[in-house]
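Undergrad: Just passing along the structure, written as structure tokens.
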Amino acid sequence: AITAGELKEAQIETIKTILANPGQFNIPDWFLNRQKDHKDGKNSQAVSNVLDTKLREDLERMKKMRLHRGLRHYWNIRVRGQHTKTTGRRGKKAA
């Protein structure tokens, strides 16, 4: 078992290449975290600050379109269909 600090430069470059082009390495589409992107319609793997930016853009798009999910995010209440009458009274969540 190798920890992240013990990786060699060649191994790091291999990981970067696989993350940049997952389709060339037979990684299935369902494994990627950006499936059918709204702007270009492609499947990709977003990492680090790009992932945060994409999430923020998606939430802003949903709020601008007045989608139910976007409004729930804006109001800081449960988004994924959970019951809210009796549960979650202590802290606000947008999960």
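The values are calculated or read from the model by the stated rules, or taken from the named source; none is laboratory data. Since this is a predicted model, take the numbers as computed values, not measurements. Quick reminder, even Gly has a Cβ in these numbers, built from the backbone with ideal geometry, and neighbours come from all protein chains shown. For the accessible areas, the whole protein counts, side chains as well, though only heavy atoms, and no ligand, DNA or RNA atoms are used. Shrake-Rupley method; radii C 1.70, N 1.55, O 1.52, S 1.80 Å.
Undergrad: Could you work out the relative contact order of the range 3-95, using alpha carbon pairs under 8 angstrom and six or more residues apart, expressed as a whole percent? Mind showing how you got there, number by number?
TA: Details: 58 pairs, mean separation 12.3, N = 93.
With pairs under 8 Å counted, the relative contact order is 13 percent.
Undergrad: Just going by the charge dipole of the chain, with Lys and Arg at +1 and Asp and Glu at -1 on Cβ, which of N33, I77, T3 is farthest out on the positive end?
TA: The listed residue farthest towards the positive side: I77.
Undergrad: Aspartates and glutamates within cross-link reach of K42: Cα-Cα under 17 Å, excluding same-chain residues under 8 positions apart?
TA: The reachable aspartates and glutamates, counting only those whose Cα sits under 17 Å from K42, are D29, E57, D58.
Undergrad: Next question. Skipping prolines and chain starts, which residues have an amide H placed within reach, meaning under 5 Å, of the one on R34, given they are 5 or more residues away or on another chain?
TA: For R34, the qualifying residues are S44, A46.
Undergrad: Using protein chains only and a probe of 1.4 angstrom, how many square angstrom of H73 are accessible, to the nearest 10?
TA: Here the residue's solvent-accessible area equals roughly 40 Å².
Undergrad: Using only Cα atoms and rounding to the nearest 10 degrees, what angle (0 to 90) does helix 9-20 make with the longest principal axis of the chain?
TA: The answer is roughly 50 degrees.
Undergrad: I'd like the Karplus ³J(HN,Hα) series for the range 66-73: coefficients 6.51, -1.76, 1.60, θ = phi - 60°, whole numbers in Hz, and an x wherever there's a Gly or Pro.
TA: Karplus values, whole Hz, x for Gly and Pro: 6, 5, 4, 5, x, 5, 5, 5.
Undergrad: Taking the Cα centre of the range 25-95 as origin, work out the dipole magnitude from +1 charges on Lys and Arg Cβ and -1 charges on Asp and Glu Cβ, in debye rounded to 20. Mind showing how you got there, number by number?
TA: On the way: 19 positive and 7 negative charges, 134 e Å.
Once rounded to the nearest 20, the dipole reads 640 debye.
Undergrad: Still on this structure, I have one more. Just to confirm the filter: which trypsin sites (Lys or Arg not before Pro) across the range 1-42 are DSSP coil and have at most 14 other Cβ within 10 angstrom of their Cβ? Each step should come with its number before you reach the end.
TA: Details: sites: K8, K16, R34, K36, K39, K42; in loops: K8, K36, K39, K42.
Passing sites in the range 1-42 are K8, K36, K39, K42.
Undergrad: Moving to a separate point now. Measuring with a 1.4 Å probe in the full set of protein chains, what accessible area per residue, in whole Å², belongs to the chain?
TA: Details: 8290 Å² over 95 residues.
Solvent-accessible surface per residue comes out at 87 Å².
Undergrad: Quick one: angle between helix 48-64 and the longest Cα principal axis of the chain, in degrees between 0 and 90, rounded to 10, please.
TA: Once rounded, one gets 30 degrees.
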